[in-house]
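Chemist: Quick one: structure below, then a few questions.
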Amino acid sequence: MNLKRFFSRSASAPAARERLQVLLAHERASSGDSDLLKTLRDEIMAVIAKHMQVDGDKVSVKMERGASVSTLAVDIEVPFDGGKKAA
Amino acid sequence: MGKVIVVTSGKGGVGKTTSSAALGAALAQNGDKVVVVDFDVGLRNLDLVMGAERRVVYDLVNVIQGEAKLAQALIRDKRLETLYLLPASQTRDKDNLTPEGVEKVITALRKAFDWVICDSPAGIERGATLAMRHADVAIVVTNPEVSSVRDSDRIIGLLDSKTMKAEQGERMEKHLLLTRFDPARAERGDMLKVEDVLEILSIPLLGIIPESMDVLRASNVGAPVTIADNKSAPALAYFNAARRLKGETVPLTTPGEKRGFFGKIFGRKAA
Ligand SMILES: Nc1ncnc2c1ncn2[C@@H]1O[C@H](COP(=O)(O)OP(=O)(O)O)[C@@H](O)[C@H]1O
Ligand SMILES: [Mg+2]
C-alpha cells in the first residue's frame, strides 16, 4: 500500500458527524411537516402554476440545506406568452 | 438505449447501496452517462453515500405521482458531470411506487442514460420486486456468510420469475458481486470461500470487494469509494467490476491475499 497516501489522510469521522447533524436537524423538523424549504418550494410552485402553465422542464428548483442557512433557488424560463394560462 | 441494472440481495446490510454508488461512479468516471436510482422508499441512503443529501428537492415518488418532472428530480453529482442520482422518498412508503409509474420512469431514464442503476431495498416485497422489474442485468450482492447466500438464492429465483425478462421468456443476465470479503478469515476457514459461494449460487462472478475501512471513510465524507480514494483496494475492485460489466475480460484476483507489515499493524489489507 501507499504510505504517503495513508499518512496524508485526515480522519473522516468529523465530516460524518457534521453531515449527519445538518441532515438530521432538517429531517427531524420535517417529520412534524415543518420543513420550511419544502413548504416554500410547494407554495412558490403553486403561485407560478396560477399564472402560467408550468412546463416542468423549464423550471429548475435547487435546494441546499445548510447548518444555519439554507438556500432555495427557483429558476423559471418565462416564455413571451407566459402570462396566458393555458387551461 | 441504456442498460438497466438492478443491484439486489434479499438481505440488508450486505453492500447494495455502497456498490450502486461505487459502480455508478466508476462507470461515470469512464465518461458514460449514469443515473443511480434509490428504490429504498422510506429509508433512503444513497443520497447520503453519494454526498447529495442536502440537495434533495424532489424524489422518485414525486415523479411517479406527477408532482415533479423527472428532470427536476435528478441531482447531478458535484464531482462527476455524467453522474446523476434519483433519490427515494424519505417520508412516504413503498405503496407509493406503482408498477406503471416505475415503468414510465425507467423507460424515460433508459433513453437518456447509458446506465440506469437501481439500488434495491432489502427484502422480497414490493420495493425489491419493482426495482428488479425492468432490469436487463442483475447484480446479486452477497457476503460470504450463510444467511446472505441463502437470501441471494431466493432473489435469483425471483429474478428468474418475477421480472419482465422472465415473463417474456428471456433469460435474465445475473452476476455475483461478493462483498465484505475478508481473505484472512476465509483462509482460516471461518468464512465461506469464493469457490463455495460460486458453486452454491452458480452465477458468474463480477468481482470480489474486500472488507475495508476505506468504504467506511468514503461514506463518512459522502463520496462513492471509487471517487473518495480511487487507489484503495475496494475502489480498484469496483473499477474492475465496472469493466467486466462493460464486457471487458479482466482477470480476477482475490483481494489482499497477503497482509503486509502495515496491514498487520493497522489491521488493514495490503493493496
Ligand atoms: N467492502 C466493505 N467493507 C467494509 N464495510 C462495508 C463494505 N461494503 C459495505 N460496507 C458497510 O456495510 C454497511 C451496509 O452497507 P450498504 O451498502 O448500506 O448495504 P445495503 O445497501 O445492502 O443494505 C455500511 O455501513 C457500509 O459502509
Ligand atoms: Mg441499501
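Chemist: Roughly what % of DSSP beta bridges within chain B run antiparallel, to the nearest 5?
Modeler: About 5 percent, rounded to the nearest 5.
Chemist: For each pair in B:94/B:193; B:16/B:246; A:38/B:33; A:38/B:3; B:16/B:165, compute the distance between the two Cα atoms and list the pairs where it is over 24 Å.
Modeler: Numbers: B:94/B:193 36 Å; B:16/B:246 19 Å; A:38/B:33 29 Å; A:38/B:3 33 Å; B:16/B:165 22 Å.
Beyond 24 Å between Cα atoms: B:94/B:193; A:38/B:33; A:38/B:3.
Chemist: Related question: Per residue and in Å³, how big is the convex hull formed by the alpha-carbon atoms of the protein assembly as shown?
Modeler: 154
Chemist: For B:221-228, what's the mean count of beta carbons from other chains sitting within 10 Å of each residue's beta carbon?
Modeler: Partner Cβ neighbours, averaged per residue: 2.
Chemist: Kindly state, to the nearest 0.05, the FRET efficiency for residue B:71 paired with residue B:196, given R0 = 56 Å and r defined as their beta-carbon distance.
Modeler: 0.75
Chemist: For chain B, what is the convex hull (Cα atoms) projected area averaged across all directions, in square nanometres?
Modeler: Result: a mean projected hull area of 13.5 nm².
Chemist: May I pose another question? If you stretched the chain out fully between residue B:91 and residue B:168, how much longer would it get, using 0.36 nm times the residue separation minus the C-alpha to C-alpha distance? Each step should come with its number before you reach the end.
Modeler: Details: separation 77, 0.36 × 77 = 27.72 nm, distance 3.47 nm.
Gain on extension, residue B:91 to residue B:168, equals 24.3 nm.
Chemist: Moving on to the next point. Skip the ligands, DNA and RNA, and give the accessible area per residue of segment B:1-138 with a 1.4 Å probe, whole Å².
Modeler: I get 34 Å² per residue for this part.
Chemist: While we're looking at this one, here's another question. Considering only the protein assembly as shown, what is the antiparallel percent among its DSSP beta bridges, to the nearest 5?
Modeler: DSSP beta bridges in the protein assembly as shown are roughly 20 percent antiparallel.
Chemist: Please give the net charge around residue B:76, taking every other residue with its beta carbon less than 12 angstrom from that of residue B:76, where Lys and Arg add +1 and Asp and Glu add -1.
Modeler: +3
Chemist: Per DSSP helix of 4 or more residues, -39500 (n - 2.57); summed, then divided by the residues of the protein assembly as shown. What does that give at 222 nm, rounded to the nearest 500?
Modeler: -12000 deg cm²/dmol
Chemist: Rounded to whole Å and sorted largest first, what semi-axes of the equivalent ellipsoid does the C-alpha gyration tensor of segment B:64-143 yield via the square root of 5 times each eigenvalue?
Modeler: 20, 17, 13
Chemist: Average projected area of the Cα convex hull of segment B:57-194, in nm²?
Modeler: Quarter of the Cα hull surface area: 10.2 nm².
Chemist: Okay, moving on. Any chance you could run the full-extension gain for residue B:98 through residue B:253? It's 0.36 nm times the residue separation minus the Cα-Cα distance, nm to one decimal.
Modeler: Gain on stretching residue B:98 to residue B:253: 51.7 nm.
Chemist: Also, I was wondering about something else. Just counting partner chain Cβ atoms within 10 Å, what average do the residues of peptide A:62-75 show around their Cβ? Provide the component values of the computation, followed by the final result.
Modeler: Numbers: counts 4, 5, 3, 4, 1, 1, 0, 0, 1, 1, 1, 1, 1, 0.
Other-chain Cβ atoms within 10 Å of each residue's Cβ, averaged: 2.
Chemist: Give me the net charge of residue B:139's neighbourhood, meaning all other residues with Cβ under 9 Å from the Cβ of residue B:139; Lys, Arg count +1, Asp, Glu -1.
Modeler: Details: positive: B:16, B:174; negative: none.
After counting each charged neighbour, the total is +2.
Chemist: FRET efficiency for residue B:213 and residue B:107, Cβ-Cβ distance as r, R0 = 56 Å, nearest 0.05?
Modeler: With R0 = 56 Å, the Cβ-Cβ based efficiency is 0.90.
Chemist: Another question, then. Treating only the Cβ atoms of Lys and Arg (+1) and Asp and Glu (-1) as charged, compute the dipole magnitude of the protein assembly as shown about its Cα centre; round to the nearest 20 debye.
Modeler: Once rounded to the nearest 20, the dipole reads 1000 debye.
Chemist: Here is a further query. In whole Å, what is the distance between the alpha-carbon centres of segment B:70-120 and segment B:159-203?
Modeler: 26
Chemist: Considering chain B as a Gaussian network with a 10 Å cut-off on Cα pairs, which listed residue, B:174, B:193, B:78, attains the greatest mean-square fluctuation?
Modeler: Maximum among the listed residues: B:78.
Chemist: Using a 10 Å cut-off around each Cβ of peptide B:136-146, what is the average number of partner chain Cβ atoms that fall inside?
Modeler: Mean partner-chain Cβ count within 10 Å for B:136-146: 0.
Chemist: Relative contact order for chain B using alpha-carbon pairs under 8 Å, separation at least 6, rounded to a whole percent?
Modeler: 23
Chemist: Leaving out ligands, DNA and RNA, and with a 1.4 Å probe, what % of the accessible surface on the protein assembly as shown is carbon or sulfur? Spell out each step's value before the answer.
Modeler: Numbers: 9120 of 17450 Å².
Roughly 52 percent, rounded to a whole number.
Chemist: Something else now. Go ahead and collect, in residue order, the members of segment B:196-220 whose backbone nitrogen is under 11 Å from a label point 7 Å along the Cα-Cβ direction of residue B:153.
Modeler: Counting backbone N atoms under 11 Å from the label point, the list is B:200-202.
The values are calculated or read from the model by the stated rules, or taken from the named source; none is laboratory data. This structure is a prediction, so every number in the text was calculated from the model and none was measured. For neighbour counting, all protein chains shown are included, and Cβ atoms are generated from backbone atoms with ideal geometry for every residue, glycine included. In case anyone asks, the SASA skips ligands and DNA or RNA and just uses the protein heavy atoms, side chains included. Shrake-Rupley method; radii C 1.70, N 1.55, O 1.52, S 1.80 Å.
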